[in-house]
1. So, residue A:29, is that one under 14 Å from residue A:235 (Cβ atoms) and either touching a strand residue (DSSP E or B) at 6+ places or on another chain (Cβ under 9 Å) or more than 9 Å from DNA strand B (Cβ to nearest atom) (or both) or not?
2. Cβ-Cβ below 7 Å, separation at least six or inter-chain, first residue in the range A:201-229 and within 15 Å of residue A:145 (Cα to Cα) and in contact (Cβ under 8 Å) with a residue 12 or more places away in the chain, second assigned to a loop (DSSP other than H, G, I, E, B) and within 11 Å of DNA strand B (Cβ to nearest atom): which pairs?
3. If you check residue A:244 against the conditions, is it under 24 Å from residue A:23 (Cβ atoms) and part of a loop (DSSP other than H, G, I, E, B)?
4. Quick check on the range A:86-112: of everything there that is surrounded by fewer than 19 Cβ atoms within 10 Å (Cβ to Cβ) and within 14 Å of DNA strand B (Cβ to nearest atom), which residue is nearest to residue A:218 (Cα to Cα)?
5. For the range A:6-31, which positions are farther than 11 Å from residue A:245 by Cα, under 17 Å from the mean Cα position of the chain (by Cα) and either without any contact (Cβ under 8 Å) to a residue 24 or more places away in the chain or surrounded by 22 or more Cβ atoms within 10 Å (Cβ to Cβ) (or both)?
6. Return the residues of the range A:236-256 that are crowded, with 17+ Cβ neighbours inside 10 Å, closer than 18 Å to residue A:210 by Cα and more than 16 Å from DNA strand B (Cβ to nearest atom); say none if nothing qualifies.
7. Can you name the number of the only condition in (1) within 15 Å of residue A:146 (Cα to Cα); (2) surrounded by fewer than 17 Cβ atoms within 10 Å (Cβ to Cβ); (3) more than 15 Å from DNA strand B (Cβ to nearest atom) that residue A:3 fails?
8. Collect the residues in the range A:134-151 that are touching a residue at least 24 places away in the same chain (Cβ under 8 Å) and over 16 Å from the mean Cα position of the chain (by Cα), keeping them in residue-number order.
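Please treat every number below as a calculation from the coordinates, not as lab data. If you're wondering where the values come from, they're calculated on a predicted model, not measured in any experiment. Note that we place each Cβ from the backbone using ideal geometry, even for glycine, and neighbour counts take in every protein chain shown.
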DNA sequence: ATGGTTGCTTAGCAA
């Protein structure tokens with residue numbers, strides 16, 4: 001079983017690349033982030049022709065997440081399901097093959113100390129409570145997506161340049177660690193403990209040509225799932241050329 | 001250094 005996550009930065013702008021990638025990579029499940037379309041504008045027909053079903057939690061212009069899968073996704077749930085009135089479409093869960101798949105697009109946070117940064121930290125706290133409910137019912141959970149956090153300096157090409165930013169400050173790293181500690185293993189780290197592999201490169205200032213990257217897209221699995229994970233990798237080639245997303249897909253494979 | 005690039009929406013925001 002192959003499960004991947006990819007922040008496509010607009011599914012409209014990335015549709016041709018996405019279809020080609022599905023044909024090349026044939027994942028069983030693909031979690032998408034930053035669709036930037038409403039459910040009505042999601043390209044269901046093209047995705048179905050490619051052999052995939054889609055659960056979608058869309059939003060106009062910003063955010064938007066989806067789960068594509070060969071099998072029909074079941075028990076679809078949108079959002080964090082708490083008492084906060086939050087219009088941002090950043091979380092989607094569905095069952096595929098007996099696994100609770102969660103596609104998450106964590107807030108970026110803009111600048112440390114800004115209102116958006118406060119929202120990021122609060123959103124991560126809310127996600128923690130959401131996961132407590134999920135894990136409490138004994139689910140096998142695969143939480144993946146654009147977490148907008150580089151967990152460690154070894155996940156950053158130039159840590160000194162990023163240490164005080166919203167992707168790296170100790171506050172967000174600690175918040176992510178509190179989520180992981182609820183019962184997940186970072187299955188990419190499991191296979192690449194040395195670091196030095198990245199999933200996002202800024203469009204600006206030649207981020208990709210200079211390999212000024214960060215690993216902010218993650219695959220978190222509960223233990224019984226993590227032991228079955230036999231490989232994990234970043235498809236760096238997908239970041240190349242004109243019309244690439246600023247994120248590359250991250251892929252994990254599981255034995256049966 | 002408040003830059004640079006991309007996408008959505010149409011000059012300004014978010015990333």
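1. In short, no.
2. Qualifying pairs under 7 Å: A:214/A:167; A:216/A:148; A:216/A:167.
3. It is true that residue A:244 is under 24 Å from residue A:23 (Cβ atoms) and part of a loop (DSSP other than H, G, I, E, B).
4. Among residues in the range A:86-112 that are surrounded by fewer than 19 Cβ atoms within 10 Å (Cβ to Cβ) and within 14 Å of DNA strand B (Cβ to nearest atom), the one nearest to residue A:218 (Cα to Cα) is A:108.
5. Across the range A:6-31, the qualifying residues are A:27, A:29, A:30, A:31.
6. none
7. So residue A:3 meets the others, but not (2).
8. Keep residues of the range A:134-151 that are touching a residue at least 24 places away in the same chain (Cβ under 8 Å), which gives A:134-135, A:139-151.
Of everything in the range A:134-151, those that are touching a residue at least 24 places away in the same chain (Cβ under 8 Å) and over 16 Å from the mean Cα position of the chain (by Cα) turn out to be A:134, A:135, A:139, A:140.
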